[in-house]
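Heads up, the thing below is written out as structure tokens.
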């Protein structure tokens with residue numbers, strides 16, 4: 001009879017923070033670690049606002065700054081800025097792009113929320129994704145330039161401005177912009193002035209390299225869907241397990257039924273292993289059942305939409321007590337930068353930069369000890385280092401809303 005491991009929240013939280021380079025502040029967290037290694041451990045860094053991704057990476061290390069992240073992205077090409085989990089903009093390790101592409105394109109397409117006269121058919125969506133790949137091959141285009149190329153390759157219907165967005169109407173084809181990123185036919189290039197540009201990831205081996213206008217790399221060899229999904233789920237569980245299929249589906253914004261099927265098939269094949277996680281049936285990668293004996297200790301500042309805050313579950317344990325109301329805007333994790341104390345959310349914070357100085361205002365929801373106050377000051381100083389400014393910490397109410 002197989003014995004099922006019993007995992008506590010404290011043990012899971014301690015292991016997750018270790019693997020996320022979020023060890024206690026008095027330890028050399030992430031020292032000498034590359035930007036791509038940190039982003040890989042996070043399973044992608046949310047980069048809708050690039051500065052937030054820079055802080056996410058920097059706060060996991062003792063040395064890296066925003067300049068290092070930008071060098072990895074636009075210089076070395078060890079990172080790619082593209083569409084990742086939930087169809088949102090992420091930084092991903094370039095060498096892992098084939099894995100991400102194979103896994104993300106395996107997610108079943110959800111019904112379009114658009115009115116029938118606005119939607120793209122699946123045939124039209126496929127045409128647009130193919131047209132994007134053709135247009136961006138060896139080119140770096142703005143959205144307007146890309147629209148012209150897509151319309152020329154598909155038809156006027158693709159450019160019809162019928163898609164409501166931000167008090168404006170976007171061309172119809174933009175409904176599948178994220179799917180082009182998932183398919184590996186599109187990623188971001190360097191800004192042209194204040195305009196974003198897009199290019200196609202360059203053809204390299206799976207180990208990665210650099211080439212092309214954006215410094216993107218890693219189209220590499222295609223992976224089979226089954227192989228990719230297995231590897232992808234185990235990578236997710238290594239970073240955030242124990243987890244349930246529902247947790248995995250929420251992280252990806254994927255159908256829960258599909259996620260359940262994927263987990264059942266992996267369990268039957270011996271790729272993942274069942275555990276008891278605080279009385280809930282959950283999963284880890286097969287054989288990965290070693291957890292720390294000591295709970296996590298220390299203070300951390302994480303920016304909004306940090307990967308740990310988004311992915312670590314169950315959310316009511318990560319956001320205990322008052323944190324569940326204060327730090328979850330409308331129930332959605334990531335809208336506020338958070339203060340972590342001993343591995344759980346215990347406050348919110350806000351940064352305001354003026355020239356070469358940054359004021360970090362922190363609103364704790366628990367009473368901090370003298371040691372934790374010192375660690376908080378060190379964390380605020382580290383925020384300044386990442387942003388290449390001089391930081392000061394102010395403890396008080398954060399009066400701005402989410403995303404500020």
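Dividing the radius of gyration of the alpha carbons in region 229-376 by their Kirkwood radius gives 1.04 for Rg/Rh.
With the simple spin-label model, which puts each label point 7 Å out from Cα in the Cβ direction, the residue 144 to residue 370 separation comes to 6.2 nm.
Debye-formula intensities of region 70-134, expressed as log10 I(q)/I(0) at q = 0.11, 0.21 Å⁻¹, are -0.36, -1.02 (one equal scatterer per alpha-carbon, no solvent). Rg over Rh for region 299-395 works out to 0.97, both radii taken from alpha-carbon positions and Rh defined as the Kirkwood radius.
Taking the chain as a Gaussian network, Cα atoms linked when under 10 Å apart, which of 287, 84, 193 shows the biggest mean-square fluctuation? Ranking 287, 84, 193 by mean-square fluctuation puts 193 first.
Normalised by the number of residues in the chain, the mean separation of alpha-carbon contacts (under 8 Å, six or more apart) gives a relative contact order of 19 percent. Result for the chain in a Gaussian network model with C-alpha springs under 10 Å: among 345, 162, 383, the largest mean-square fluctuation is at 162. Considering only alpha-carbon pairs that sit under 8 angstrom and 6 or more positions apart, the relative contact order computed for region 121-181 is 31 percent. The Cα atoms of region 121-181 cover 33, 25, 21 Å along the three principal axes, with the biggest extent listed first. Here 250, 81, 390 are placed in order of increasing Cβ neighbour count within 10 Å, fewest first, which gives 390, 250, 81. Considering only beta bridges that DSSP places wholly inside the chain, some 85 percent are antiparallel.
In the elastic network of the chain, a GNM with C-alpha springs shorter than 10 Å, the most mobile of 22, 266, 73 is 266.
Here the Kirkwood formula, the inverse mean of 1/r across different C-alpha pairs, assigns the chain a hydrodynamic radius of 22.1 Å.
Suppose R0 equals 30 Å; then what is the FRET efficiency for residue 403 and residue 112 from their Cβ-Cβ distance, rounded to the nearest 0.05? Calculated transfer efficiency: 0.70. For a modelled paramagnetic label at residue 8, 7 Å from Cα along Cα-to-Cβ, the residues of region 283-324 in reach, with backbone nitrogen under 17 Å, are 290-298, 314, 317-318. With 0.36 nm allotted per residue and the present C-alpha distance subtracted, the residue 160-residue 49 stretch has 37.2 nm of extension available. Here the residues 144, 288, ranked from fewest to most Cβ neighbours within 10 Å of their Cβ, fall in the order 144, 288. Between residue 169 and residue 357, the modelled labels are 4.9 nm apart [label points 7 Å from Cα along Cα→Cβ].
Which distance in Å, rounded to a whole number, links the C-alpha centroids of region 28-68 and region 352-404? Rounded to whole Å, the Cα centres lie 18 Å apart. Mind sorting 187, 140 by how few other Cβ atoms lie within 10 Å of their own Cβ, fewest first? So the residues, fewest neighbours to most, are 140, 187. Subtracting the Cα-Cα distance of residue 65 and residue 268 from their residue separation scaled by 0.36 nm leaves 68.7 nm.
Only the coordinates and a few stated rules stand behind these numbers; no lab work does. All of these numbers come straight from a predicted model, not from anything done at the bench. Note: ideal-geometry Cβ built from the backbone for every residue, glycine included; neighbour counts use all protein chains shown.
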